[in-house]
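Undergrad: Let me begin by handing over the structure; questions about it come next.
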Amino acid sequence: MSQKENIQSHDRYREDIAGRANVADSPELLAYYKELETYRTGALWTIANKIEPWQPKSASVPILWRYRDLRELVLKSADLVTPEKAGRRVVYLNNSEKSGLSAAVGLLYSGLQTMRPGEAASAHAHSSSALRFIMEGHGAYTIVDGQKMLLEANDFVLTPTGTWHEHGVDSDGSQCIWQDGLDMPLVNVLEAGFYKVHPDLRQAVTEPLDSSVGLWGAPALRPQNVGWNKPYSPLFRYQWGATYEALQRYARVSEGSPFDDILMHYTNPLTGGHVMPTLGASMQLLRPGFVGKAHRHTGSFIYQVAKGQGYSVIDGQRFDWQERDIFCVPSWAFHEHVNSSQTEDACLFCFSDLPVIQTLHLYYEEALIDNDGHQRVGG
Ligand SMILES: [Fe+2]
Ligand SMILES: [Fe+2]
């Protein structure tokens, strides 16, 4: 019996034992429940086992979104709606049939946005924190609080909470696609979301091009006499070249993790912490032939394949992936990653709600013990 089956059968046993709600319906009780309902109240024992599970039960399921399925559909949206009419021309990833939260997994939103050369979306600001990961095309830019930055494939970009931001593609660029990631479902669950459009529809560029990279982008060096007191990273663009180089340097001096091989978190250069209060992100390198072991932890995770090909086993299901595919790992689902090439690296970009989980002291992690640390693939 696998560890997972063990846990499940153990739970079935525990659900029957003393200390858990186990009240059989009777005509008197049913009448009582009805009476409680009329006063907008309820008996806790009728829902206790659901709202206090033995262990996390995600409403999301593991999904792989193949880029070869989505790319044409995303490009097609540009024939059908303008950025002006749509606000943002995005195909969102939907894993929320059960929850109705428009989430890609857990409380994370994600979508694929496309813009054509010469197009620009209006400047806006919202309570949600956002990030983007550039998938294809050239000439795309984002302006965040007066700072314009250029976007290239595999760049990771922040548009933190409350910042004025707008996106566009220069007229001599090509049609671009990028992945957006937001904490919107979380903000909506907390009923704390505001959204506003810039009064001039466009914001002025007030800083030199890529100024955040110039000030804060040097590894382990801090600019003199430059202040920053915002609750998110002052660096808004993390370039692919420097990221990949850092991973390769790390790989030369480390055995890596048995679960993730060579993984580095994008950080706020001032604090070393996560880039934003509600969203964290990482890039990991799986060396040729890497076969990861299975573990699980709390938190919801969305991966994009930045480079290479391989597969992941998530909750007992195998998902084969290649460059630009996106997949999710729901909270507490066992997962393991494999680079199927014996000669090429594979790189996985990932963003998550880890900053929230850690800040609230809700992070738990465990390795799969039996079957040499690998899940049995079914489904
Ligand atoms: Fe936005
Ligand atoms: Fe993990």
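Undergrad: Take the stretch 155-191 and flag every residue that is open to solvent by 10 Å² or more (accessible area, probe 1.4 Å), away from ligand 1 (no atom under 16 Å from the Cβ) and assigned to a loop (DSSP other than H, G, I, E, B).
TA: Across the stretch 155-191, the qualifying residues are Asp170, Ser171, Asp172, Gly173, Ser174, Gln175, Leu190, Glu191.
Undergrad: Okay, moving on. Inside the stretch 209-230, can you point out the residues that are in a loop (DSSP other than H, G, I, E, B) and touching a residue at least 60 places away in the same chain (Cβ under 8 Å)?
TA: Leu209, Asp210, Lys230, listed by residue number.
Undergrad: Looking at the stretch 321-336, I want the residues that are within 25 Å of Ile134 (Cβ to Cβ) and in contact (Cβ under 8 Å) with a residue 12 or more places away in the chain and have a partner that is within 16 Å of ligand 1 (Cβ to nearest atom) and not in a loop (DSSP other than H, G, I, E, B) with Cβ atoms under 7 Å, at least 6 apart or on another chain. Which pairs are those?
TA: Sorted first by the residue in the stretch 321-336, then by its partner, the pairs are Ile326/Gln179.
Table: residues versus (1) under 16 Å from Arg89 (Cα atoms); (2) open to solvent by less than 10 Å² (accessible area, probe 1.4 Å); (3) of a type outside the set (Asp, Glu).
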{"site": "Tyr109", "(1), (2), (3)": "yes, no, yes"}
{"site": "Pro117", "(1), (2), (3)": "yes, no, yes"}
{"site": "Ala120", "(1), (2), (3)": "yes, no, yes"}
{"site": "Ala125", "(1), (2), (3)": "no, yes, yes"}
{"site": "Ser129", "(1), (2), (3)": "no, yes, yes"}
{"site": "Ala140", "(1), (2), (3)": "yes, yes, yes"}
{"site": "Asp145", "(1), (2), (3)": "no, no, no"}
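Undergrad: All but one of (1) under 25 Å from His274 (Cβ atoms); (2) outside any loop (DSSP other than H, G, I, E, B); (3) open to solvent by 70 Å² or more (accessible area, probe 1.4 Å) hold for Cys350; state the number of the condition that does not hold.
TA: Result: Cys350 fails condition (3) only.
Undergrad: Right, here's the next one. Give me the pairs: first residue in the stretch 356-379 and over 15 Å from Trp332 (Cβ atoms), second residue open to solvent by less than 80 Å² (accessible area, probe 1.4 Å) and in a strand (DSSP E or B), beta-carbon distance under 6 Å, and six or more apart or on different chains, which are they?
TA: What qualifies is Val377/Val313; Gly379/Gln317.
Undergrad: Test Gly280 against the stated conditions and say whether it is over 17 Å from Pro355 (Cβ atoms) and more than 16 Å from ligand 1 (Cβ to nearest atom).
TA: In short, no.
Undergrad: In addition: Among the residues of the stretch 272-289, is there at least one that is touching a Lys or Arg at 6+ places or on another chain (Cβ under 8 Å) and not β-branched (Val, Ile, Thr)?
TA: Scanning the stretch 272-289, I find no residue that is touching a Lys or Arg at 6+ places or on another chain (Cβ under 8 Å) and not β-branched (Val, Ile, Thr), so the answer is no.
Undergrad: So, Phe319, is that one within 16 Å of ligand 1 (Cβ to nearest atom) and under 18 Å from Tyr67 (Cβ atoms) or not?
TA: Judged against the criteria, Phe319 is not a match.
Let's see how each residue does on (1) at pLDDT below 95; (2) not in a loop (DSSP other than H, G, I, E, B):
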| position | (1), (2) |
| --- | --- |
| Asn49 | yes, yes |
| Ala59 | yes, no |
| Gly100 | yes, no |
| Leu112 | no, yes |
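The values are calculated or read from the model by the stated rules, or taken from the named source; none is laboratory data. Here the structure is a predicted model, which is why all the values come from computation and not from measurement. A quick note on method: Cβ atoms are made from the backbone with ideal geometry, for glycine too, and the neighbour counts reach across all protein chains shown. Keep in mind that these areas ignore ligands, DNA and RNA; they rest on the heavy atoms of the full protein, side chains included. Shrake-Rupley method; radii C 1.70, N 1.55, O 1.52, S 1.80 Å.
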